[in-house]
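Chemist: Before anything else, here's the structure in question.
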Amino acid sequence: MDLDYALSFLLAALLSAGVIPWIVRYAHRRSLLDRPDGRKQHERAVPAMGGVAVFFAFTLTACFWLQGTSMRETLFLFPALLILFVTGMVDDLRDLSPGRKFFFQFIAAGIVCAGGLRIRSDFGLFGIGELDVVSSYIVTMLFITAMTNAYNLIDGVDGLLGGIALIGSAGLGLLFLQAGDGFHAALSFALSGALAGFLRYNFYPAILFMGDTGSLLVGFLLAALGIRFFSLPLHELAHAGISHGFTVVAGLLFLPVFDVVRVFIIRMLKGKSPFHGDRRHLHHVLVKNGLSAPLVCLTEYGATVLFSVLSVTWLQRFSTASALLLLFSLAVLLAEGLTIAYLVRSRRNLRSRADQFGDLRRKNRFAARLLNF
């Protein structure tokens with residue numbers, strides 16, 4: 001049976017990797033390219049239609065797993081994905097306003113909520129317990145929209161978003177498999193396979209970007225799968241060795257959320273809109289510290305694996321609130337450590353330049369004295 005899930009991953013990877021050369025050629029012929037500007041890392045025009053390959057590979061692979069109760073769920077999931085796919089495609093080609101993008105994301109989130117995918121408890125975070133229906137809908141829609149945008153906003157270095165999302169989706173697939181939920185394990189592996197095929201062309205130097213078409217889909221799917229996992233019955237979670245499902249999902253999907261929250265707080269402290277674009281994301285800090293694009297990716301992959309392992313093992317012994325506080329504290333230490341390292345590096349560079357300038361001035365004075373003599 002486990003072979004079926006490996007085939008799900010492999011089929012999605014082959015479909016994604018197989019269709020991408022066609023997408024790249026079409027994008028170049030039509031000049032559908034993402035051109036560099038002041039905030040972007042790339043220096044040449046690159047197609048940003050990788051989401052088409054991820055959507056195609058995931059949906060086609062998922063269709064092989066449709067049966068029984070899974071049919072009802074996909075009747076709500078696939079229309080929501082289609083809305084996000086069209087929204088992302090239009091935004092990649094023509095630029096949608098943030099308000100319109102949020103509107104369509106809320107519509108997509110509302111559709112899956114209507115299909116029964118809802119957060120029904122606060123997991124002890126606020127002492128509320130079970131949520132009423134209206135609160136459940138609101139919290140779920142906000143959660144899905146926040147996760148969707150968190151993954152969308154970290155897509156700033158070749159291979160970064162795809163790799164982090166691959167780790168998250170593969171981790172969820174393994175956990176679903178251990179919990180005995182074969183359908184959602186298959187969906188998770190289909191997503192990770194589609195991302196693996198995409199990364200073949202997106203890792204540095206990328207010949208294709210994911211674009212909003214893909215990043216919106218990926219964030220939305222990970223949010224939906226995460227909700228499905230921590231909503232499993234306790235006895236199914238116990239089969240996977242998990243006592244706090246929300247803590248596990250928080251660890252797997254933590255880094256993009258932390259990065260966005262951190263940047264928003266910094267912007268607001270400086271009196272700017274949290275949506276004001278700048279170069280304060282973690283990948284920007286890593287680049288300023290002299291890391292190449294592959295090393296930036298590997299560093300954030302490592303952090304994602306670290307948070308995931310901690311959430312499945314050590315953090316299970318704490319309450320949900322305590323586990324989230326520990327995750328956040330660890331992330332702050334890592335992020336501020338990078339910031340301090342950048343400041344120290346910058347200060348050393350300034351000193352070195354000052355010393356070089358001082359040497360040059362002394363040499364010029366000596367030359368002037370010789371000429372006057």
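Bear in mind that the values in this text are calculations on the coordinates, not laboratory data. Quick caveat: nothing in here was measured; it's all calculated off a predicted structure. Glycine gets a Cβ as well: all are built from the backbone with ideal geometry, and neighbour counts include every protein chain shown.
Chemist: What distance in nm separates the two pseudo spin-label positions at Phe106 and Arg72, each 7 Å out from Cα along the beta-carbon direction?
Modeler: 2.8 nm
Chemist: On to the next question. So, by mean Cβ neighbours within 10 angstrom, what's the order for 273-279, 323-329 with the highest one leading? Please report the intermediate quantities before stating the final value.
Modeler: Values: 273-279: 12.0, 323-329: 16.7.
Result, highest mean Cβ count within 10 Å first: 323-329, 273-279.
Chemist: Moving to a separate point now. Assuming 0.36 nm per residue, please report the length gained on full extension of the stretch Ser273 to Gln178 beyond their Cα-Cα distance. Before the final figure, lay out the partial values.
Modeler: Working: separation 95, 0.36 × 95 = 34.20 nm, distance 4.32 nm.
Length gained, Ser273 through Gln178: 29.9 nm.
Chemist: Taking the Cβ of Leu234 as the center, what net charge do the other residues with Cβ under 14 Å away carry, scoring Lys and Arg +1 and Asp and Glu -1? Provide the component values of the computation, followed by the final result.
Modeler: On the way: positive: Arg120; negative: Asp181, Glu236.
Around Leu234, the surrounding residues sum to -1.
Chemist: So, one more: Counting pairs of alpha carbon atoms under 8 Å apart in space and at least six apart in sequence, what relative contact order in percent does the chain give? Each step should come with its number before you reach the end.
Modeler: Numbers: 501 pairs, mean separation 78.5, N = 373.
Dividing the mean separation by the residue count of the chain yields 21 percent.
Chemist: Gain in length, Ala238 to Ser135, computed as 0.36 nm per residue apart minus the alpha-carbon separation, to one decimal in nm? Present the calculation step by step, with values, prior to reporting the outcome.
Modeler: Details: separation 103, 0.36 × 103 = 37.08 nm, distance 2.75 nm.
Between Ala238 and Ser135, full extension yields an extra 34.3 nm.
Chemist: What angle do you read, to the nearest 10 degrees and between 0 and 90, between the alpha-carbon axis of helix 211-230 and the longest principal axis of the chain?
Modeler: The helix 211-230 is inclined about 50 degrees to the chain.
Chemist: Report, in degrees rounded to the nearest 10, the 0 to 90 angle that the Cα long axis of helix 133-153 makes with the longest principal axis of the chain.
Modeler: Tilt relative to the chain: about 40 degrees.
Chemist: Let me ask another. For Arg267, what charge total do you get from the other residues with a beta carbon under 9 Å from its beta carbon, if Lys and Arg give +1 and Asp and Glu give -1? Walk me through the intermediate numbers first.
Modeler: On the way: positive: Lys270, Lys272, Arg280; negative: Asp278.
Cβ neighbours under 9 Å give a net charge of +2.
Chemist: For helix 98-114, report the angle its Cα long axis makes with the longest principal axis of the Cα atoms of the chain; keep it between 0 and 90° and round to the nearest 10°.
Modeler: It is inclined by approximately 30 degrees.
Chemist: What full-extension length gain, to one decimal in nm, is calculated for Leu32 and Ala45 as 0.36 nm per residue of separation minus the Cα-Cα distance? Provide the component values of the computation, followed by the final result.
Modeler: Working: separation 13, 0.36 × 13 = 4.68 nm, distance 0.92 nm.
My answer for the length gained is 3.8 nm.
Chemist: Taking other Cβ within 10 Å of each residue's Cβ, how do Asp132, Asp4, Asp92 sort, fewest first? Mind dumping the intermediate values first?
Modeler: Working: Asp132 10, Asp4 13, Asp92 24.
So the ranking, lowest neighbour count to highest, is Asp132, Asp4, Asp92.
Chemist: Summing -39500 (n - 2.57) over the DSSP H runs of n ≥ 4 in the chain and dividing by its residue number, what mean residue ellipticity at 222 nm do you reach, to the nearest 500 deg cm²/dmol? Write down the numbers at each step before the final one.
Modeler: Numbers: 14 runs with 278 residues, N = 373.
Rounded to the nearest 500, it is -25500 deg cm²/dmol.
Chemist: Hey, any idea what the orientation-averaged projected area of the convex hull of the stretch 52-199's Cα atoms comes to, in nm²?
Modeler: Details: hull surface 39.1 nm².
Averaged projected area of the stretch 52-199's Cα convex hull equals 9.8 nm².
Chemist: Right, something else. Show me the chymotrypsin sites (Phe, Trp or Tyr not before Pro) within the stretch 91-163 that DSSP assigns to loop and that have at most 14 other Cβ atoms within 10 Å of their Cβ. Each step should come with its number before you reach the end.
Modeler: Numbers: sites: Phe102, Phe103, Phe104, Phe106, Phe123, Phe126, Tyr137, Phe143, Tyr151; in loops: Phe123, Phe126.
For chymotrypsin sites (Phe, Trp or Tyr not before Pro) across the stretch 91-163 that sit outside H, G, I, E and B with at most 14 neighbouring Cβ atoms in 10 Å, the list reads Phe126.
Chemist: Taking R0 as 35 Å, what FRET efficiency do you get between Ser322 and Leu295 from their Cβ-Cβ distance, rounded to the nearest 0.05? Don't jump to the answer; show the numbers that get you there.
Modeler: Values: r = 33 Å, r/R0 = 0.94.
Computed FRET efficiency for Ser322 and Leu295 comes out at 0.60.
Chemist: Starting from the Kirkwood radius over alpha-carbon pairs of the stretch 148-299, derive D by Stokes-Einstein at 20 °C in a medium of 1.002 mPa s and give it in µm² s⁻¹. Write out the running numbers ahead of the final one.
Modeler: Values: Rh = 16.3 Å.
Reported coefficient: 132 µm²/s.
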